[in-house]
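Undergrad: Quick one: this structure, given as structure tokens, is what I'll be asking you about.
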Amino acid sequence: MKLLVAKLIHSNTQHLSNDDINRYNEGVEQAMKAKMAAQKAEPMSGVCEGFDIEVVDLFSAVSEPADFHDHVHPSNRGEEKMALGWFTSLTHSDWFKVLLKDHPQKS
């Protein structure tokens, strides 16, 4: 099973800077890598047991001013980029390929 964890997207407000978000995103990525390493070392380690964890980089995908309708929330263009990021991660997953193989598309 695959667990997808997204990085936060950009923000440019007085309360939350992109530097803050970068630090948070780096922490999330490090935590997920540590969890995967612990899981490989001890397969019955508990949290996220049996999951293959992937971090989806939405921060890089949604980064241009036109991607936001304010300094925090994505515009339609930003939402499309986020959807593409999720779609790409999902469709490149091994389990998705198996799903397509088991359920071929009808013409």
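The values are calculated or read from the model by the stated rules, or taken from the named source; none is laboratory data. Since we're looking at a predicted model, the values are computed, not measured. Cβ placement follows ideal geometry from the backbone for every residue including glycine, while neighbour counts extend to all protein chains displayed.
Undergrad: Report, by residue number, each residue of the stretch 17-36 that is surrounded by 15 or more Cβ atoms within 10 Å (Cβ to Cβ) and under 20 Å from F68 (Cα atoms).
TA: Passing the criteria: N18, I21, N25.
Undergrad: Among the listed residues Q14, Q39, which satisfies the condition of being polar (S, T, N, Q), surrounded by 16 or more Cβ atoms within 10 Å (Cβ to Cβ) and modelled with pLDDT under 95?
TA: Working: Q14 fails: surrounded by 16 or more Cβ atoms within 10 Å (Cβ to Cβ).
When all the criteria are applied, what remains is Q39.
Undergrad: Same structure, new question: From the set of residues in the stretch 53-107 that are in contact with an Asp or Glu (Cβ under 9 Å, 6 or more places away or on another chain) and at pLDDT below 80, which is surrounded by the most Cβ atoms within 10 Å (Cβ to Cβ)?
TA: The selected residue is S93.
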